[in-house]
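The values are calculated or read from the model by the stated rules, or taken from the named source; none is laboratory data. Everything quoted here is computed from the prediction, not taken from an experiment. Positions of Cβ are backbone-derived with ideal geometry, glycine not excepted, and every protein chain shown enters the neighbour counts. Calculation scope for accessible area: heavy atoms of the full protein, side chains included, ligands and nucleic acids excluded. Shrake-Rupley method; radii C 1.70, N 1.55, O 1.52, S 1.80 Å.
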Amino acid sequence: MTQPDAGTLERVKLALRSQRIETPSWAYANSGTRFKVFPQEGVPRNPYEKVADAGIVHQLTGVAPTVALHIPWDRVDDYADLAAFAGDHGVGLGAINANVFQDNDYKLGSVTNPDPGVRRKAIDHLLECVDIMDRTGSRDLKLWFSDGTNYPGQDDIRARQDRLATALRETYDRLGDDQRLLLEYKLFEPAFYATDVPDWGTAYAHCLELGPKAQVVIDTGHHAPGTNIEFIVAFLLRAGKLGAFDFNSRFYADDDLMVGSADPFQLFRIMYEIVRGDALAPEAGIAFMLDQCHNIEAKIPAIIRSVLNVQEATAKALLVDADALAAAQRSGDVLAANAVLMDAYNTDVRPLLAELRTDLGLDPDPMAAYARSGYFDRIRGERAGGQQAGWGA
Ligand code: RM4
Ligand code: MN
């Protein structure tokens, strides 16, 4: 294939300038598997230190200006103060993730629990999260429910859908004009027989019923093996119901590894549908978030690498020659159409991205810049004592 011409490179760089990727506070903290969480040196001990780490990621990559919070992991006395601290570190507070999966009361579910008292408690937490959004200025409330059943007959599948709808409605009605409810689905785990929001269809149906402020989150690790995720992206975008991504990489289940690490081609195919649907720019309203755990690899570099992986996939998606693709599709030339996509995917976009970073006044190699920055030595010293933050599992 021919190398992209100067005009194409400028167009791609311009689009990449507007890209925004949100990093998750919990990825800076200790997390891992249910078998073992391996602690690391320099890990944040509180939400402020997580936000500071998000700050260095943005400073070096230039495309990660917000950090998502998880409540109660990131509960603080004064959210306005945390938001101001974030501002001092060059970042803003992003989505608020509710957590109704770690309390003993939730053994049989949260919002779908057969006990109305437990349901009330869960809904109250969701409402509290909206109160927090009012204080942090966050637009998005992200909901993932671990609710489901382990055994046939354990509970009434249909009644649980009714309870879910009721809880979502009460939460939705509490949202301000500029706030959104983002509903995430996941095929299985921790429920192994029937999960209450197992797939995009279920999430979509609930969001449709709720109204325009409810949209679906695609966590890339939450599908059955072999699922065509880019199809879901295309479908939801067309329906105006795609709200956000939780990016990560998976091979088997909800592996939560670095996005684009095992299957960069899948990430490219997803980002191609985003570009095709004109949904890359922040005005399109899609939140591109990471949802990852870094158990054996150094956390901050892992997050930088993840951000770069998303950026690389996006650059390749932007390189797809739309005219050539449309012509090949129109003429039914299957091989030519496929070749257009593969040409873009096989382009080495690293020089282009290095140039973009230089244009933006950044180091062309954020991984190397982090290694040189001395940040890790500093946090390793500063954060020597105290209790490291974790996901509380
Ligand atoms: C869940 C889900 C949520 C995330 C938690 C930590 O599996 O992916 O998005 O908040 O994990
Ligand atoms: Mn997720």
| said: Over the chain, with a Gaussian network built from C-alpha contacts below 10 Å, which listed residue (THR166, THR112, THR136) shows the highest mean-square fluctuation? | reply: THR166
| How big is the charge dipole of the range 1-108 about its Cα centre, in debye rounded to the nearest 20, if each Lys and Arg gets +1 on its Cβ and each Asp and Glu gets -1 on its Cβ? | 440
| field | Å² per residue, accessible surface of the chain at 1.4 Å | value | 44
| query | Which three extents, in whole angstrom, do the alpha-carbon atoms of the range 119-228 cover along their principal axes, largest first? | reply | 41, 33, 22
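I'd like the per residue volume of the convex hull spanned by the Cα atoms of the chain, given in cubic angstrom.
On the way: hull volume 56.4 nm³, N = 393.
Per-residue hull volume (Cα only) is 143 Å³.
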| field | C-alpha center-to-center spacing [the range 217-232, the range 247-283] in angstrom | value | 9
| remark: For the range 246-393, using Cα atoms only, the Rg and Dmax in Å read 18.6, 66
| task | Putting +1 on Lys and Arg Cβ atoms and -1 on Asp and Glu Cβ atoms, find which of LEU280, VAL334, GLY109 reaches farthest to the positive end of the dipole of the chain. | result | GLY109
| request: Under 12 Å from the Cβ of GLU273, count the other residues' Cβ atoms, weight Lys and Arg +1, Asp and Glu -1, and hand me the total. | output: +1
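Return the calculated 222 nm mean residue ellipticity for the chain, to the nearest 500 deg cm²/dmol, obtained by summing -39500 (n - 2.57) across DSSP H runs with n ≥ 4 and dividing by the residue count.
Details: 15 runs with 181 residues, N = 393.
That comes out to -14500 deg cm²/dmol.
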| remark: Treating only Lys and Arg (+1) and Asp and Glu (-1) as charged, each at its beta carbon, one finds that the chain has a dipole about its Cα centre, in Debye to the nearest 20, of 240
| query | Along the principal axes of its C-alpha atoms, what lengths does the range 53-157 span, in descending order and rounded to whole Å? | reply | 52, 26, 21
| said: Counting only protein heavy atoms and a 1.4 Å probe, tell me what percentage of the chain's accessible area is made up of carbon and sulfur. | reply: 53
| query | With point charges of +1 on the Cβ of Lys and Arg and -1 on the Cβ of Asp and Glu, referenced to the Cα centre of the chain, which listed residue (ALA371, GLY62, GLY385) lies farthest in the positive direction of the dipole? | reply | GLY385
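How long are the three semi-axes of the equivalent ellipsoid for the range 163-242, computed from the Cα gyration tensor as the root of 5 times each eigenvalue, in whole Å, largest first? Walk me through the numbers on the way to the answer.
Working: eigenvalues 95, 54, 16 Å².
One finds semi-axes of 22, 16, 9 Å for the range 163-242.
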| To one decimal place, what Kirkwood hydrodynamic radius in Å is obtained for the range 145-298 from all pairs of distinct Cα atoms? | 16.3
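Per residue and in cubic angstrom, what volume does the convex hull of the Cα atoms of the range 158-197 have?
Numbers: hull volume 2.7 nm³, N = 40.
With only Cα atoms used, the range 158-197 gives 67 Å³ per residue.
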| remark: The Cα extents of the range 111-154 along the principal axes, largest first and rounded to whole Å, are 43, 19, 7
| Given charges of +1 on the Cβ of Lys and Arg and -1 on the Cβ of Asp and Glu, with all other atoms neutral, how large is the dipole of the range 343-393 about its Cα centre, in debye to the nearest 20? | 400
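By the scheme Lys and Arg +1, Asp and Glu -1, what is the net charge of all other residues having a beta-carbon under 10 Å from that of PHE288?
Values: positive: ARG20; negative: GLU22, ASP246.
Summing Lys/Arg as +1 and Asp/Glu as -1 gives -1.
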